[in-house]
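Below you'll find the structure, written out as structure tokens, and then a few comments.
The values are calculated or read from the model by the stated rules, or taken from the named source; none is laboratory data. Since we're looking at a predicted model, the values are computed, not measured. Cβ sites come from the backbone with ideal geometry, for glycine too, and all protein chains shown count toward neighbours.
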Amino acid sequence: MAPKKLTRKQIKDLSKKLSYAPRLVWDEITAAEKKRVFSFADGYKTFLDEAKTEREAVSIIRDMAEKSGFLLDRGTGSPSPLMRIFHEKAVALVKPGKEPLEEGVRIIVSHIDAPRLDLKQRPLYEDVDLAFLKTHYYGGIKKFQWLSRPLAIHGRIVKKDGSTLDLSIGEEESDPVFTVLDLLPHLARKVQYEKKLGEAIAGEKLNLIVGSLPLGDKETKERFKLAVLHLLNESYGLTEEDLLSAELEVVPAGTARDVGWDRSLVGAYGQDDRICAYTSLRAMFDTRDVSKTAVALFVDKEEIGSDGATGAKSRFLESVIGDVLEMLGQRPSAIGVSRILARSRALSADVNGALDPDYQEVHEKQNAARMGYGVCMTKFTGSGGKYNANDADAEYVGWLRRLFNRKKVIWQTGELGRIDEGGGGTVAKFLAPYGMDIVDCGPAILSMHSPFEIAHKGDLYMTYKGFRAFFESL
Ligand code: MN
Ligand code: MN
């Protein structure tokens, strides 16, 4: 059969009808929605400032959830918003739906830990008449990014008598800050420049300078270290041994900022993955008429493999579902809980790496997520031939696609980098063994894992909108 001759207009219409192209948020939204995009980002920046560690994130999530009617203690019989906190580092919020729990639940899981420097258990020492704290980095950092910048110390110390002390130094204008020194370029030729970038800065050189005033005179042993101990004792009643039972985290000092003349971007530490924590939290609060029970899960330890009692490999999701069953006046059983989870649908809410304008060669452009093209669905992560990937199935991706399109969520798909370029993973593969449907979903960001990550306000808002559509889905 000879091809029918088409007019120029018909060809144009055909192209529009048959081809797919991701859509830019700014091209698609109304002026009113654009306003909401910008005001949403203001609340997000405040959240980032108050949640610079996983413990602080739990604390602010608890405060916000309590104001939204989520209670830690619920009697049985009446389905009401429920909150569960684990070791003060992981949280679950549950909004009971109209449908029976046996139909499955809707879960959004994000992580609230972020790459940083942790203090060692015996951190304090002095050298060349200066006092320092030793650190051990947490998660995937580029070590050189942590040098020569103002740093703050946040965390908890459990004292000799068992009492706890929460610290945050370096965030207030009147606070001192700390820093990791870097070598002057004049002398860096051999010890830094001639080495590979990844090897130029040794982990054991990431020491925090904390003082230069001595205590006592020349005869005093370790008088610079002693001076710091004296200060810690005067200010907080601490001794050196108290640091053995402490979790002190070193993070970039300072607040989240608008980036760009047009203020269309957010620059801040810890947006991987607190951007998904905040958007899923707000989606949970704003969701009305829940059909399937909604669960927002905020986990710790993702950046070091999701191990530990508060990571995604922990079983606390099962105990949360058990608690919900009890609240509904039912007797939880292991098989009952596992059936509910097997019938559930979940979003592994995490960021993807956006197409980097200066390093486009590490991406495969057609499949890389782009800044400004909305929330990104990542069907698979992994590396070396999808190894270690969850790889969501077509049916689930299709269901989510229809949902987002129906709810006017601007969304795109994304792949983390070119094949065999590197790769990474999320918590998706740790929840998938329950048998639930799960796929990665979140905004793409730039400068990921750096002390100043960049997010797009349009993507931030579309992530919220997508998460809300998910919680409200039938
Ligand atoms: Mn992440
Ligand atoms: Mn990460």
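Matching residues to (1) under 27 Å from GLY267 (Cα atoms); (2) at pLDDT 95 or above; (3) assigned by TED's automatic domain parsing to the domain that holds TYR138:
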position	(1), (2), (3)
ALA369	yes, yes, no
SER383	no, no, no
TYR387	no, no, no
MET436	no, yes, no
PRO451	yes, yes, no
ILE454	yes, yes, no
TYR464	yes, yes, no
Qualifying position, being modelled with pLDDT of 95 or more, away from ligand 1 (no atom under 16 Å from the Cβ) and buried (at least 22 other Cβ atoms within 10 Å of the Cβ), among ILE61, ILE108
ILE61
So which residues in the stretch 64-78 are surrounded by fewer than 19 Cβ atoms within 10 Å (Cβ to Cβ), in contact with a strand residue (DSSP E or B) (Cβ under 9 Å, 6 or more places away or on another chain) and part of a helix (DSSP H, G or I)?
GLU66
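Condition first: surrounded by fewer than 23 Cβ atoms within 10 Å (Cβ to Cβ) and under 21 Å from GLY398 (Cα atoms). Now tell me which residues in the stretch 413-432 satisfy that. Outline the logic, then answer.
Of the residues in the stretch 413-432, the ones surrounded by fewer than 23 Cβ atoms within 10 Å (Cβ to Cβ) are 413, 415, 417-425, 429, 432.
Across the stretch 413-432, the qualifying residues are THR413, GLU415, LYS429, ALA432.
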Which of the residues spanning the stretch 233-252 are touching a Ser or Thr at 6+ places or on another chain (Cβ under 7 Å) and not in a strand (DSSP E or B)?
ASN233
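Any idea which of ALA349, ALA342 is touching a residue at least 24 places away in the same chain (Cβ under 8 Å), surrounded by fewer than 19 Cβ atoms within 10 Å (Cβ to Cβ), among the hydrophobic types (A, V, I, L, M, F, W, C) and within 19 Å of SER473 (Cβ to Cβ)?
The conditions single out ALA342.
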Just for the stretch 149-176: of the residues that are in contact with an Asp or Glu (Cβ under 9 Å, 6 or more places away or on another chain) and β-branched (Val, Ile, Thr), which one is surrounded by the fewest Cβ atoms within 10 Å (Cβ to Cβ)?
VAL158
Of the residues VAL299, VAL295, VAL250, VAL290, which single one is of a type in the set (Val, Ile, Thr), at negative phi and within 16 Å of ligand 2 (Cβ to nearest atom)?
VAL299
Grab the helices (runs of 4 or more DSSP H) fully contained in the stretch 386-474, keeping just those with 2 or more residues being in contact with a helix residue (DSSP H, G or I) (Cβ under 8 Å, 6 or more places away or on another chain).
394-406, 457-471
On the given criteria, is THR239 closer than 30 Å to ARG370 by Cα, surrounded by fewer than 23 Cβ atoms within 10 Å (Cβ to Cβ) and not charged (D, E, K, R)?
no
List every residue pair whose Cβ atoms sit under 7 Å apart, with the two residues 6 or more apart in sequence or on different chains, where the first one lies in the stretch 304-322 and is crowded, with 20+ Cβ neighbours inside 10 Å and the second, anywhere, is among the polar types (S, T, N, Q).
ALA312/SER306
What residue, among those in the stretch 433-449 that are within 13 Å of ligand 1 (Cβ to nearest atom) and within 19 Å of ASP49 (Cα to Cα), is surrounded by the most Cβ atoms within 10 Å (Cβ to Cβ)?
ILE445
Out of the residues in the stretch 37-58 that are among the small types (Gly, Ala, Ser) and in contact with a strand residue (DSSP E or B) (Cβ under 9 Å, 6 or more places away or on another chain), which is nearest to LEU297 (Cα to Cα)?
ALA57
On the given criteria, is TYR125 buried (at least 22 other Cβ atoms within 10 Å of the Cβ) and at pLDDT 95 or above?
no
Suppose the filter is surrounded by 14 or more Cβ atoms within 10 Å (Cβ to Cβ), in contact (Cβ under 8 Å) with a residue 24 or more places away in the chain and not hydrophobic (A, V, I, L, M, F, W, C); does LYS34 pass it?
no
Restricting to the stretch 420-446, and then to whatever is of a type in the set (Gly, Ala, Ser) and more than 15 Å from ligand 2 (Cβ to nearest atom), can you tell me which residue is nearest to PRO357 (Cα to Cα)?
ALA432
Can you find even one residue in the stretch 165-172 that is within 22 Å of GLU241 (Cα to Cα), outside any loop (DSSP other than H, G, I, E, B) and not hydrophobic (A, V, I, L, M, F, W, C)?
yes
Given the condition of a type outside the set (D, E, K, R) and touching a Lys or Arg at 6+ places or on another chain (Cβ under 7 Å), answer yes or no: does some residue in the stretch 144-163 qualify?
yes
